[in-house]
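The structure appears right after this line, and notes come after that.
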Amino acid sequence: MSENKKEIVLSGIRATGNLHLGNYFGALRKFVAIQDDYDCNFFVADYHALTTNPDPSQLHHNVKSVLAEYLAAGLDPEKSTIFVQSDVPEVAEMYLLLNMHVGIGELMRTAAFKDKARKALGLSQADDDNDEAFEKQIIGADTNKRVNAGLLTYPTLMAVDILIQKATKVPVGKDQLQHLELTRRFARRFNAFYGVDIFPEPTDFDFGGAPIKVPGLNGSGKMGKSEGNCVYLIDEPKALTKKVMRAVTDEGPQSPNAPMSEPIANLFTLLELCSTPDVVEHFRSAYADCSIRYGDLKKQLAEDILKITNPIRERINDILADEAYIAKILKNGAERARQRAADTLNEVRHIMGIRKF
(Lines give C-alpha, C1' and ligand atoms only; values in the text may rest on other atoms or scores of the structure.)
Protein backbone atom coordinates (compact mmCIF):
# COMPACT_ATOMS: atom_id res chain seq x y z
CA MET A 1 0.00 0.00 0.00
CA SER A 2 1.52 3.35 -1.00
CA GLU A 3 2.02 5.90 1.74
CA ASN A 4 -0.53 8.41 0.43
CA LYS A 5 -3.26 5.78 0.57
CA LYS A 6 -2.72 4.74 4.15
CA GLU A 7 -5.73 5.28 6.37
CA ILE A 8 -5.39 8.39 8.50
CA VAL A 9 -5.32 7.78 12.25
CA LEU A 10 -5.57 10.67 14.68
CA SER A 11 -5.40 10.80 18.46
CA GLY A 12 -4.86 13.60 20.94
CA ILE A 13 -4.40 13.80 24.67
CA ARG A 14 -5.19 16.81 26.84
CA ALA A 15 -2.23 18.56 28.40
CA THR A 16 -3.44 18.14 31.96
CA GLY A 17 -0.60 16.20 33.56
CA ASN A 18 1.79 13.30 33.15
CA LEU A 19 0.94 10.05 31.39
CA HIS A 20 0.40 6.91 33.42
CA LEU A 21 0.35 3.14 32.99
CA GLY A 22 -3.24 3.31 31.79
CA ASN A 23 -2.21 5.62 28.95
CA TYR A 24 0.74 3.37 28.14
CA PHE A 25 -1.06 0.03 27.97
CA GLY A 26 -4.37 1.42 26.75
CA ALA A 27 -3.02 3.62 23.98
CA LEU A 28 0.68 4.45 23.64
CA ARG A 29 1.94 0.91 23.18
CA LYS A 30 -0.71 0.34 20.52
CA PHE A 31 0.15 3.59 18.75
CA VAL A 32 3.77 2.52 18.49
CA ALA A 33 2.73 -0.76 16.87
CA ILE A 34 0.69 0.84 14.05
CA GLN A 35 3.10 3.55 12.92
CA ASP A 36 4.32 1.62 9.87
CA ASP A 37 0.86 0.69 8.60
CA TYR A 38 -1.13 3.92 9.00
CA ASP A 39 -0.77 7.64 8.41
CA CYS A 40 -0.52 8.42 12.13
CA ASN A 41 -1.13 11.83 13.66
CA PHE A 42 -0.69 12.32 17.40
CA PHE A 43 -1.14 15.68 19.09
CA VAL A 44 -1.05 17.34 22.49
CA ALA A 45 -4.40 19.06 23.03
CA ASP A 46 -3.65 22.36 24.74
CA TYR A 47 -6.81 24.10 23.47
CA HIS A 48 -8.91 21.35 25.06
CA ALA A 49 -7.03 21.78 28.33
CA LEU A 50 -8.21 25.40 28.53
CA THR A 51 -11.74 24.31 29.45
CA THR A 52 -10.52 23.90 33.03
CA ASN A 53 -8.67 27.26 33.10
CA PRO A 54 -5.21 25.89 33.96
CA ASP A 55 -2.35 28.01 35.21
CA PRO A 56 -0.56 29.25 32.04
CA SER A 57 2.92 28.23 33.18
CA GLN A 58 1.64 24.81 34.23
CA LEU A 59 -0.09 24.34 30.88
CA HIS A 60 3.16 25.10 29.05
CA HIS A 61 5.01 22.62 31.26
CA ASN A 62 2.34 19.96 30.70
CA VAL A 63 2.52 20.29 26.92
CA LYS A 64 6.26 19.79 26.98
CA SER A 65 5.98 16.84 29.37
CA VAL A 66 3.33 15.00 27.35
CA LEU A 67 5.34 15.52 24.18
CA ALA A 68 8.46 14.07 25.83
CA GLU A 69 6.43 11.13 27.14
CA TYR A 70 4.99 10.45 23.69
CA LEU A 71 8.48 10.29 22.23
CA ALA A 72 9.98 8.32 25.11
CA ALA A 73 7.26 5.69 24.83
CA GLY A 74 8.25 5.03 21.22
CA LEU A 75 6.32 7.38 18.94
CA ASP A 76 8.65 8.12 16.05
CA PRO A 77 8.53 11.62 14.48
CA GLU A 78 9.94 10.13 11.27
CA LYS A 79 6.95 7.79 10.99
CA SER A 80 4.18 9.82 12.64
CA THR A 81 3.13 13.46 12.66
CA ILE A 82 3.51 14.64 16.25
CA PHE A 83 2.34 18.17 17.03
CA VAL A 84 0.70 20.57 19.45
CA GLN A 85 -2.92 21.49 18.76
CA SER A 86 -2.40 25.25 18.99
CA ASP A 87 0.46 25.09 16.47
CA VAL A 88 -2.22 24.49 13.82
CA PRO A 89 -4.12 27.83 13.78
CA GLU A 90 -6.42 26.51 11.05
CA VAL A 91 -8.12 24.49 13.78
CA ALA A 92 -9.37 27.64 15.52
CA GLU A 93 -10.92 29.08 12.36
CA MET A 94 -12.58 25.85 11.37
CA TYR A 95 -13.87 25.52 14.93
CA LEU A 96 -15.75 28.77 14.38
CA LEU A 97 -17.05 27.71 10.97
CA LEU A 98 -18.23 24.27 12.04
CA ASN A 99 -20.02 25.74 15.06
CA MET A 100 -22.39 27.41 12.57
CA HIS A 101 -23.77 23.93 11.89
CA VAL A 102 -23.94 22.67 15.47
CA GLY A 103 -26.98 22.96 17.70
CA ILE A 104 -26.77 24.21 21.27
CA GLY A 105 -29.27 21.59 22.37
CA GLU A 106 -27.30 18.65 21.06
CA LEU A 107 -24.20 19.93 22.81
CA MET A 108 -26.00 20.44 26.11
CA ARG A 109 -27.35 16.91 26.01
CA THR A 110 -23.96 15.22 25.81
CA ALA A 111 -23.21 13.08 28.84
CA ALA A 112 -19.74 14.55 29.37
CA PHE A 113 -21.00 18.14 29.35
CA LYS A 114 -23.85 17.39 31.74
CA ASP A 115 -21.51 15.61 34.12
CA LYS A 116 -18.87 18.36 34.12
CA ALA A 117 -21.42 21.17 34.25
CA ARG A 118 -23.14 19.47 37.18
CA LYS A 119 -19.84 19.30 39.06
CA ALA A 120 -19.00 22.93 38.23
CA LEU A 121 -22.37 24.11 39.57
CA GLY A 122 -22.42 21.77 42.57
CA LEU A 123 -25.59 19.99 41.41
CA SER A 124 -26.63 16.45 42.24
CA GLN A 125 -27.17 13.79 39.60
CA ALA A 126 -30.95 14.16 39.97
CA ASP A 127 -30.73 17.86 39.11
CA ASP A 128 -29.75 17.21 35.49
CA ASP A 129 -32.13 14.33 34.76
CA ASN A 130 -34.66 16.88 33.51
CA ASP A 131 -33.16 18.68 30.50
CA GLU A 132 -35.29 21.82 30.88
CA ALA A 133 -34.51 22.19 34.56
CA PHE A 134 -30.83 21.55 33.90
CA GLU A 135 -30.71 24.26 31.23
CA LYS A 136 -32.33 26.75 33.60
CA GLN A 137 -29.71 25.91 36.24
CA ILE A 138 -26.91 26.65 33.78
CA ILE A 139 -28.44 29.87 32.46
CA GLY A 140 -29.18 31.09 35.96
CA ALA A 141 -25.78 30.22 37.42
CA ASP A 142 -23.89 33.10 39.01
CA THR A 143 -20.53 34.18 37.63
CA ASN A 144 -18.63 32.38 40.38
CA LYS A 145 -20.05 29.05 39.24
CA ARG A 146 -20.22 29.52 35.50
CA VAL A 147 -20.05 26.79 32.89
CA ASN A 148 -17.74 28.09 30.18
CA ALA A 149 -18.70 27.98 26.52
CA GLY A 150 -15.52 26.08 25.69
CA LEU A 151 -16.77 23.15 27.76
CA LEU A 152 -20.09 23.26 25.91
CA THR A 153 -18.46 23.30 22.48
CA TYR A 154 -15.77 20.74 23.35
CA PRO A 155 -17.37 18.21 20.92
CA THR A 156 -17.12 20.72 18.07
CA LEU A 157 -13.43 21.28 18.70
CA MET A 158 -12.84 17.54 18.90
CA ALA A 159 -14.72 17.12 15.62
CA VAL A 160 -12.55 19.78 13.99
CA ASP A 161 -9.35 18.08 15.18
CA ILE A 162 -10.53 14.96 13.36
CA LEU A 163 -12.23 16.41 10.28
CA ILE A 164 -9.54 18.96 9.44
CA GLN A 165 -7.06 16.09 9.05
CA LYS A 166 -9.74 13.94 7.33
CA ALA A 167 -8.97 11.12 9.73
CA THR A 168 -10.87 7.87 9.26
CA LYS A 169 -9.67 6.02 12.36
CA VAL A 170 -9.84 7.61 15.80
CA PRO A 171 -8.93 5.59 18.92
CA VAL A 172 -11.20 6.77 21.73
CA GLY A 173 -12.13 5.61 25.19
CA LYS A 174 -15.65 4.68 26.19
CA ASP A 175 -16.26 8.18 27.58
CA GLN A 176 -15.48 9.74 24.19
CA LEU A 177 -17.62 7.49 21.99
CA GLN A 178 -20.54 9.93 22.13
CA HIS A 179 -18.27 12.74 20.95
CA LEU A 180 -17.03 10.60 18.07
CA GLU A 181 -20.63 9.90 17.07
CA LEU A 182 -21.27 13.65 17.11
CA THR A 183 -18.27 14.09 14.82
CA ARG A 184 -19.86 11.62 12.39
CA ARG A 185 -23.13 13.51 12.63
CA PHE A 186 -21.46 16.87 12.00
CA ALA A 187 -19.63 15.44 8.97
CA ARG A 188 -22.87 14.05 7.50
CA ARG A 189 -24.70 17.31 8.17
CA PHE A 190 -22.05 19.47 6.53
CA ASN A 191 -21.77 17.20 3.50
CA ALA A 192 -25.56 17.07 3.08
CA PHE A 193 -26.14 20.81 3.63
CA TYR A 194 -23.67 21.84 0.93
CA GLY A 195 -24.11 18.82 -1.33
CA VAL A 196 -20.45 17.85 -1.09
CA ASP A 197 -18.47 14.80 -0.02
CA ILE A 198 -15.64 16.57 1.76
CA PHE A 199 -15.58 14.81 5.13
CA PRO A 200 -15.26 11.06 5.66
CA GLU A 201 -17.12 9.68 8.68
CA PRO A 202 -14.48 8.54 11.19
CA THR A 203 -14.82 5.31 13.12
CA ASP A 204 -13.37 4.14 16.40
CA PHE A 205 -10.03 2.36 16.01
CA ASP A 206 -10.22 -0.44 18.56
CA PHE A 207 -7.00 -2.20 17.43
CA GLY A 208 -8.83 -5.54 17.53
CA GLY A 209 -9.30 -7.73 20.55
CA ALA A 210 -10.73 -6.73 23.91
CA PRO A 211 -9.90 -3.23 25.17
CA ILE A 212 -7.37 -3.04 27.98
CA LYS A 213 -8.68 -1.63 31.24
CA VAL A 214 -5.84 -0.69 33.55
CA PRO A 215 -7.04 -0.48 37.17
CA GLY A 216 -5.85 2.04 39.71
CA LEU A 217 -4.20 1.37 43.05
CA ASN A 218 -7.13 2.47 45.21
CA GLY A 219 -9.06 -0.78 44.97
CA SER A 220 -11.74 0.15 42.45
CA GLY A 221 -12.14 1.74 39.05
CA LYS A 222 -9.65 2.38 36.30
CA MET A 223 -6.42 4.30 36.55
CA GLY A 224 -7.01 8.00 36.01
CA LYS A 225 -5.38 11.33 36.85
CA SER A 226 -8.54 12.69 38.45
CA GLU A 227 -8.80 9.62 40.67
CA GLY A 228 -5.36 10.03 42.25
CA ASN A 229 -4.65 6.32 41.79
CA CYS A 230 -1.97 6.40 39.10
CA VAL A 231 1.47 5.04 38.48
CA TYR A 232 3.09 7.64 36.23
CA LEU A 233 5.70 6.88 33.60
CA ILE A 234 7.87 9.63 35.10
CA ASP A 235 7.66 8.31 38.70
CA GLU A 236 11.01 7.80 40.39
CA PRO A 237 11.64 4.25 41.66
CA LYS A 238 11.19 5.09 45.35
CA ALA A 239 7.95 6.97 44.78
CA LEU A 240 6.60 4.30 42.48
CA THR A 241 7.42 1.47 44.89
CA LYS A 242 5.83 3.38 47.76
CA LYS A 243 2.62 3.82 45.75
CA VAL A 244 2.39 0.14 44.87
CA MET A 245 3.13 -1.01 48.42
CA ARG A 246 0.25 1.17 49.62
CA ALA A 247 -2.21 -0.32 47.12
CA VAL A 248 -5.53 -1.35 48.66
CA THR A 249 -5.87 -5.05 49.54
CA ASP A 250 -8.15 -7.13 51.79
CA GLU A 251 -7.71 -9.54 54.71
CA GLY A 252 -6.65 -12.35 52.37
CA PRO A 253 -8.40 -15.52 51.15
CA GLN A 254 -10.28 -17.32 53.90
CA SER A 255 -10.67 -20.63 52.08
CA PRO A 256 -8.98 -22.39 49.13
CA ASN A 257 -9.97 -21.10 45.69
CA ALA A 258 -12.00 -18.26 47.21
CA PRO A 259 -13.24 -15.61 44.74
CA MET A 260 -11.09 -12.46 44.61
CA SER A 261 -12.33 -9.13 45.87
CA GLU A 262 -12.09 -6.21 43.44
CA PRO A 263 -8.89 -4.74 44.94
CA ILE A 264 -7.07 -8.08 44.64
CA ALA A 265 -8.41 -8.79 41.16
CA ASN A 266 -7.09 -5.34 40.18
CA LEU A 267 -3.63 -6.15 41.49
CA PHE A 268 -3.62 -9.37 39.49
CA THR A 269 -4.69 -7.45 36.38
CA LEU A 270 -1.67 -5.19 36.81
CA LEU A 271 0.51 -8.23 37.42
CA GLU A 272 -0.70 -9.82 34.17
CA LEU A 273 0.14 -6.64 32.28
CA CYS A 274 3.59 -6.10 33.76
CA SER A 275 4.98 -9.47 34.87
CA THR A 276 5.94 -12.73 33.21
CA PRO A 277 3.41 -15.63 33.06
CA ASP A 278 5.36 -17.70 35.56
CA VAL A 279 5.24 -14.89 38.12
CA VAL A 280 1.49 -14.52 37.63
CA GLU A 281 0.98 -18.28 37.99
CA HIS A 282 3.08 -18.35 41.17
CA PHE A 283 0.89 -15.77 42.90
CA ARG A 284 -2.35 -17.23 41.57
CA SER A 285 -1.39 -20.59 43.06
CA ALA A 286 -0.46 -18.92 46.32
CA TYR A 287 -3.83 -17.17 46.42
CA ALA A 288 -5.67 -20.39 45.62
CA ASP A 289 -4.05 -22.30 48.52
CA CYS A 290 -4.28 -19.31 50.93
CA SER A 291 -0.50 -18.98 51.30
CA ILE A 292 -0.27 -15.65 49.49
CA ARG A 293 1.44 -12.68 51.14
CA TYR A 294 0.24 -9.44 49.61
CA GLY A 295 3.45 -7.67 50.56
CA ASP A 296 5.43 -10.08 48.41
CA LEU A 297 2.99 -9.66 45.54
CA LYS A 298 3.19 -5.87 45.66
CA LYS A 299 6.97 -5.90 45.94
CA GLN A 300 7.20 -8.10 42.84
CA LEU A 301 4.65 -5.93 41.01
CA ALA A 302 6.64 -2.77 41.77
CA GLU A 303 9.84 -4.38 40.48
CA ASP A 304 8.16 -5.49 37.26
CA ILE A 305 6.52 -2.10 36.66
CA LEU A 306 9.91 -0.45 37.07
CA LYS A 307 11.38 -2.72 34.39
CA ILE A 308 8.90 -1.05 32.03
CA THR A 309 8.99 2.52 33.29
CA ASN A 310 12.70 2.96 34.15
CA PRO A 311 13.93 3.13 30.54
CA ILE A 312 10.96 5.32 29.57
CA ARG A 313 11.60 7.69 32.49
CA GLU A 314 15.27 7.99 31.54
CA ARG A 315 14.35 8.83 27.94
CA ILE A 316 11.78 11.37 29.14
CA ASN A 317 14.40 13.19 31.17
CA ASP A 318 16.89 13.13 28.29
CA ILE A 319 14.30 14.59 25.91
CA LEU A 320 13.17 17.28 28.36
CA ALA A 321 16.79 18.38 28.70
CA ASP A 322 17.19 18.79 24.93
CA GLU A 323 15.31 21.98 24.04
CA ALA A 324 16.65 22.02 20.49
CA TYR A 325 15.36 18.52 19.80
CA ILE A 326 11.91 19.38 21.15
CA ALA A 327 11.78 22.56 19.06
CA LYS A 328 12.73 20.61 15.94
CA ILE A 329 10.06 17.96 16.53
CA LEU A 330 7.39 20.61 17.08
CA LYS A 331 8.40 22.63 14.04
CA ASN A 332 8.38 19.63 11.72
CA GLY A 333 5.15 18.26 13.20
CA ALA A 334 3.36 21.59 12.90
CA GLU A 335 4.40 21.98 9.26
CA ARG A 336 3.10 18.54 8.36
CA ALA A 337 -0.15 18.93 10.31
CA ARG A 338 -0.78 22.40 8.91
CA GLN A 339 -0.36 21.31 5.31
CA ARG A 340 -3.42 19.05 5.33
CA ALA A 341 -5.32 21.34 7.72
CA ALA A 342 -4.82 24.33 5.45
CA ASP A 343 -6.02 22.38 2.42
CA THR A 344 -9.15 21.28 4.28
CA LEU A 345 -9.85 24.75 5.65
CA ASN A 346 -9.54 26.27 2.17
CA GLU A 347 -12.07 23.75 0.89
CA VAL A 348 -14.46 24.57 3.75
CA ARG A 349 -14.11 28.33 3.26
CA HIS A 350 -14.82 27.99 -0.46
CA ILE A 351 -17.81 25.71 0.11
CA MET A 352 -19.29 28.10 2.70
CA GLY A 353 -18.84 31.12 0.43
CA ILE A 354 -15.95 32.74 2.28
CA ARG A 355 -13.75 33.47 -0.71
CA LYS A 356 -11.18 36.03 -1.70
CA PHE A 357 -12.30 38.62 -4.27
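The values are calculated or read from the model by the stated rules, or taken from the named source; none is laboratory data. If you're wondering where the values come from, they're calculated on a predicted model, not measured in any experiment. Here the Cβ positions follow ideal geometry from the backbone for every residue, glycine too, while neighbour counts run over all protein chains shown. These area figures cover heavy atoms from the full protein model, side chains too; ligands, DNA and RNA do not enter into them. Shrake-Rupley method; radii C 1.70, N 1.55, O 1.52, S 1.80 Å.
Any idea which residue in segment 179-210 is farthest from Leu28 (Cα to Cα), counting only those that are in a helix (DSSP H, G or I) and hydrophobic (A, V, I, L, M, F, W, C)? Talk me through it step by step, then tell me what you get.
Here is the first cut: in segment 179-210, the ones in a helix (DSSP H, G or I) are 179-194.
Now drop any that are not hydrophobic (A, V, I, L, M, F, W, C), which leaves 180, 182, 186-187, 190, 192-193.
Numbers: Leu180: 20, Leu182: 25, Phe186: 28, Ala187: 27, Phe190: 32, Ala192: 36, Phe193: 37 Å.
This residue is Phe193.
Here Lys243 does not fit the description of being in a helix (DSSP H, G or I), basic (Lys, Arg), over 20 Å from Gly221 (Cα atoms) and modelled with pLDDT of 95 or more. Considering only segment 311-334, I want to know if a residue exists there that is assigned to a helix (DSSP H, G or I), surrounded by fewer than 16 Cβ atoms within 10 Å (Cβ to Cβ), at pLDDT 95 or above and in contact with an Asp or Glu (Cβ under 6 Å, 6 or more places away or on another chain). No, segment 311-334 contains no residue that is assigned to a helix (DSSP H, G or I), surrounded by fewer than 16 Cβ atoms within 10 Å (Cβ to Cβ), at pLDDT 95 or above and in contact with an Asp or Glu (Cβ under 6 Å, 6 or more places away or on another chain).
Among the residues that make up segment 10-28, is at least one of them surrounded by fewer than 17 Cβ atoms within 10 Å (Cβ to Cβ) and either on the phi < 0 side of the Ramachandran plot or at pLDDT below 95 (or both)? Looking through segment 10-28, none of the residues is surrounded by fewer than 17 Cβ atoms within 10 Å (Cβ to Cβ) and either on the phi < 0 side of the Ramachandran plot or at pLDDT below 95 (or both). The set of residues in segment 91-102 that are open to solvent by less than 20 Å² (accessible area, probe 1.4 Å) and either farther than 15 Å from Leu50 by Cβ or touching a strand residue (DSSP E or B) at 6+ places or on another chain (Cβ under 9 Å) (or both) comprises Met94, Leu97, Leu98. All of Ser255, Ser291 fail the test of being out of contact with any Ser or Thr (no Cβ under 8 Å at 6 or more places or on another chain), part of a loop (DSSP other than H, G, I, E, B), in contact (Cβ under 8 Å) with a residue 12 or more places away in the chain and surrounded by fewer than 18 Cβ atoms within 10 Å (Cβ to Cβ), apart from Ser255. Does any residue of segment 108-118 turn out to be small (Gly, Ala, Ser) and modelled with pLDDT of 95 or more? Within segment 108-118 (the criterion being small (Gly, Ala, Ser) and modelled with pLDDT of 95 or more), the answer is no, since none of the residues qualifies.
Could you check how many residues of segment 191-202 are in contact with a Leu (Cβ under 9 Å, 6 or more places away or on another chain) and loosely packed, with under 14 Cβ neighbours inside 10 Å?
Of the residues in that region, 0 qualify.
Of the residues Thr241, Thr276, the single one that is in contact (Cβ under 8 Å) with a residue 40 or more places away in the chain and among the hydroxyl-bearing types (Ser, Thr, Tyr) is Thr241.
Would it be correct to say that Leu306 is of a type outside the set (Val, Ile, Thr), touching a Pro at 6+ places or on another chain (Cβ under 8 Å) and either open to solvent by less than 50 Å² (accessible area, probe 1.4 Å) or not in a helix (DSSP H, G or I) (or both)? Yes. Flag set for Tyr38, criterion: open to solvent by 40 Å² or more (accessible area, probe 1.4 Å) and among the aromatic types (Phe, Trp, Tyr).
For segment 213-242, a residue qualifies if it is more than 23 Å from Ala49 (Cβ to Cβ) and open to solvent by 60 Å² or more (accessible area, probe 1.4 Å), and the qualifying residues are Lys213, Asn218, Glu236, Lys238, Lys242. Please verify whether segment 273-281 includes one or more residues that are part of a helix (DSSP H, G or I) and closer than 21 Å to Ala239 by Cα. Among the residues of segment 273-281, at least one is part of a helix (DSSP H, G or I) and closer than 21 Å to Ala239 by Cα, which makes the answer yes.
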